[in-house]
Structure formats: C-alpha cells, structure tokens
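> Have a look at the structure that comes next, please.
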Amino acid sequence: MNKKKTIDFISGPCSFESKAQIEEHFKQFPSHTWLRAGVFKLRTNPQSFQGLREDAIDDLKELKERFKFKLVTEVVSNHSVDLLNDITDVFQVGTRNMYNYELLKYLNNFKQPVLLKRGFSASLNELINAAKYIDDSEARVILCERGIRTFETSYRNTLDLNAVSYLKRNTNYKVIVDPSHGTGKTELVSDLAKASIVAGADGLLIETHPNPSQALSDADQAINHQETKELIKELNELSNFLKKDLIV
Ligand code: PEP
Ligand code: MN
C-alpha cells in the first residue's frame, strides 16, 4: 500500500529572542513537531539584531528537552555548524549562503538533513547544482523556494510558485516553501502558504511570533499565533482534499 504523502508545517520566530518567546509558542501549540528559530542572523544592516548566537545554545537545549520539538535553524559558517550541531535536527542554509560551496561541503561532516534555500537571484539550475554539494543529496536535502528579487517593489520578494511545480516534476527533492520571506508581508503569508500546497509543496516554513510588531527581525512578515491557528485549520482541510497528512 502506498504511504500517504505528508506536508510538514515548520513554524516559529525569525529569531530566537528569549525563553519566554518559545514557552509562549508551546503554550499555544503544545504538540508542534517542528520549530524554526534563528540563532545566527545575516542582516542587511550591520546595526540590526544579529541573533543571540553563542548565548542561545544552553537555553535552546533546555527548551528542547522540555517541549520535545525538532529544531530547524540557520547555519552561516563552520563555527555555527559546530556550535549548533547538538541541538539541531535540520540545518538551514539561507538565501545568502546558497552559493557558499565550502559551507555546503562542510555539512557533509554531519548527518542532519539540510534545508537549502534558493538564492534570491539564483536560477533553479544553480539551486540544483548547489544541492549536489551535499552527499546523498536527494535523500538529505530539502529545497526551499523563498522568493526571488524581481522588478516588482510592492512586496519584498516575488514567490516563484513555478519553481515548486518544476522542481517536483523534474527532481526527486523534497520541496518546501517559505511564504514569509517570499512575500515579506504578513497579510499575504496565509494565501501564499495555501497556494504553495496546491502547487505541490511538501511543506511550509512560516515565521510566527507571539507579538509580531515587537519581533527583533522580520516584524513585517510574521503572523501571530491566532493567525497561525487559522492557517493550520485551513491547511488541514486542504491536506484532506489532497489526501496528504499535515504534520504540525
Ligand atoms: C530566515 O529564514 O529567517 C532567513 C533569513 O531566510 P532567508 O535566508 O531566506 O532570507
Ligand atoms: Mn526571517
């Protein structure tokens, strides 16, 4: 019998800011499997919050033991991989580092899956070639469409849903979509999340925050916990229709 296909719902704050922030997340979503939370942040403006970095490790370790979640977090250097290795279930490589082939090769010293984001000006061919730097890449790499830079300035990025359909039809990679960075606008996130699933995505990466206006990074695109609950409800209906299981 064919195993039912799954849709992974990965959510959490852009940046890990405090223990209280994650406690609130699990108060609202006690059974969440996947948490995203940035520890090392690559910011356009060097004056902007750069992440809690080394200071985050012990707190995240303790939170993982308490709430039993799996952590997806971005690595930006060999040093950050070493630091995060013990507490990370999926290493995220961000849009700025898709072309950092030395970092990709370094990840071959570790066993966790790699969530590889598309560079914001990268062709799909470049994305697929970057993935091949990871050993056993089709089993270990999850490709992530997170929006590309176009002439359109009404939103932060243009989410390329063609990419989802194309990659699903022409490669064997799992493909997930990040409509938070793909739009940069809170009010667009839910619509594009649903559209991504219809286009064939295997999962979503969503920025959610207990109090979006206070977020230390990407405040304009975070959805709040109530909006997250509504989105999960709609995605459950959509998954039933598509005969897939939503893993939240
Ligand atoms: C993030 O996920 O918070 C992030 C920085 O993503 P990207 O690399 O796609 O900008
Ligand atoms: Mn972000």
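Any read-out appearing in this document is the output of simple, stated calculations on the displayed coordinates, not a laboratory observation. Remember, predicted model here, so these are calculated numbers, not experimental data. So basically every Cβ, Gly included, is an ideal-geometry build from the backbone, and we count neighbours across all protein chains shown.
> If eta is 0.890 mPa s and T is 25 °C, what Stokes-Einstein diffusion coefficient results for region 1-119, Kirkwood Rh from Cα pairs, in µm²/s?
Rounded to a whole number, D works out at 163 µm²/s.
> A further question follows. Rounded to two decimal places and with Rh computed the Kirkwood way over Cα pairs, what is Rg over Rh for region 128-248?
Using only Cα positions, Rg/Rh for region 128-248 is 0.98.
> Once you have the alpha carbon radius of gyration of region 165-231, what is it after dividing by 2.2 N^0.38 Å, with N set to its residue count?
1.18
> Measure out, as a whole number of angstrom, how far apart the alpha-carbon centroids of region 1-78 and region 218-236 sit.
Comparing the Cα centres of region 1-78 and region 218-236, I get a distance of 16 Å.
> Can you tell me what share of the DSSP beta bridges in region 65-163 is antiparallel? A percent to the nearest 5 is fine.
Counting DSSP beta bridges with both partners in region 65-163, the antiparallel share is about 10 percent.
> Follow-up. Å³ per residue of the Cα convex hull, for region 100-197?
Dividing the Cα hull volume of region 100-197 by its residue count gives 98 Å³.
> Same structure, new question: Give me the three principal axis extents of region 207-248 from the C-alpha atoms, as integers in angstrom, largest value leading.
Principal axes ranked by extent give 38, 15, 14 Å for the Cα atoms.
> Rg to Rh ratio, region 39-190, alpha-carbon atoms and Kirkwood radius?
Rg/Rh: 0.96.
> Per the Debye formula with a single identical scatterer at each Cα and no solvent contribution, what log10 I(q)/I(0) holds for region 101-147 at q = 0.14, 0.18, 0.20, 0.24 Å⁻¹?
-0.29, -0.48, -0.59, -0.83
> For Lys19, go through the lysines and keep the ones whose alpha-carbon is under 22 Å away, minus same-chain ones fewer than eight residues off.
Lys27, Lys41, Lys61, Lys64, Lys68, Lys70, Lys229
> Nearest 5 is fine: what % of DSSP beta bridges in the chain come out antiparallel, could you say?
The answer is about 5 percent antiparallel.
> I'd like the projected area of region 23-79, averaged over all directions, using the convex hull of its alpha carbons. Report it in nm² with one decimal.
It is 4.6 nm².
> Listing His181, His79 from the residue with the fewest other Cβ atoms within 10 Å to the one with the most, what is the order?
Result, fewest neighbours first: His79, His181.
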